[in-house]
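Read the structure below first, then the notes.
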Amino acid sequence: TDSKHKNPVQCLRSVVKGEGFRSLYNGILPPLAIATAINAILFFSYEFSLRFLTKQKASSNESPNNVSPSLTQIYLAGSFAGFVQTAVGVPAEVIKCKQQAGGYSGLGDCVRKLYRAEGWAGFYRGAAVTAWRDTPS
C-alpha cells in the first residue's frame, strides 16, 4: 500500500502535529446538537404512528391503549419513525461530513457556503440512501 501512515497511532500523531488537537473534533458539533432532538422525534413519531395504527384496529367498545399491536403495525410504525429521523438527521450529517473534510472556519461558515453553492438540496445530499437504510428499521 502507498499509505503515508504505518498505523493508527502514527496517523493520530501526524494529524495532531499538523492540524492541532482540535482538528480531531471537526464536525462534531452538529450531530451532538441535534442528537437529542432526533431521538425525541424518533420516539414521538414511532409512538404516534403506532397509536394511529392500533386505533384503526380497536373495536368500537375497546380502548386503543388496550390493543396489542401486530408485528406489521410495529414494522410500519418503525419504518415511519426511521423516515422522519432521516428527514431531520441528514442535514446535520451532511454538515458534519463537510466540516470534517475541511475548508470551513466553523459551523456557520459551512452552512453558508453549502447553502450558497447547492441551496436547500445540498443539505439533503445522500438522503435517499439514508432513507433506504433507516426506514425499514
The lysines whose Cα lies under 28 Å from the Cα of residue 96, excluding any fewer than 8 residues away in the same chain, are 4, 6, 17, 113
Checking 18, 106, 89 against a Gaussian network model of the chain (alpha-carbon springs below 10 Å), the top fluctuating residue turns out to be 18
Taking Cα atoms only, helix 107-118 is inclined relative to the longest principal axis of the chain by an angle, in degrees rounded to 10, of 80 degrees
The chain accessible area per residue, 1.4 Å probe, protein heavy atoms, integer Å², reads 71 Å²
Projected onto the charge dipole of the chain (unit charges on the beta-carbon of Lys, Arg, Asp and Glu, signs +1, +1, -1, -1), the Cα from 53, 11, 34 with the largest positive-side position is that of 11
With Cα coordinates, the longest principal axis of the chain makes an angle with the long axis of helix 8-19, in degrees rounded to 10, of 70 degrees
Expressed in nanometres to one decimal, the distance between label points 7 Å along Cα→Cβ at residue 16 and residue 47 is 4.3 nm
Length-normalised contact order of the chain, Cα under 8 Å, at least 6 apart, in percent, tallies to 27 percent
A chain fully extended from residue 29 to residue 121 at 0.36 nm per residue, minus the present Cα-Cα distance, gains in nm 31.0 nm
Taking Cα atoms, the helix 29-57 axis meets the longest principal axis of the chain at an angle in degrees (rounded to 10) of 20 degrees
Under the 7 Å Cα-to-Cβ spin-label approximation, residue 5 and residue 71 lie apart by a distance in nanometres of 4.4 nm
Of the accessible area of the chain, computed with a 1.4 Å probe and all protein chains kept, carbon and sulfur make up a percent value of 61 percent
With the convex hull built on the alpha-carbon atoms of segment 8-134, volume per residue in Å³ sits at 144 Å³
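The values are calculated or read from the model by the stated rules, or taken from the named source; none is laboratory data. What you see is a predicted model; the values in this text were computed from it and never measured. Methodologically, a virtual Cβ is constructed for each residue, glycine included, from the backbone with ideal geometry; neighbour enumeration extends over all protein chains shown. Each accessible area value is taken on the protein alone, full model and side chains, heavy atoms only, with ligands, DNA and RNA left out. Shrake-Rupley method; radii C 1.70, N 1.55, O 1.52, S 1.80 Å.
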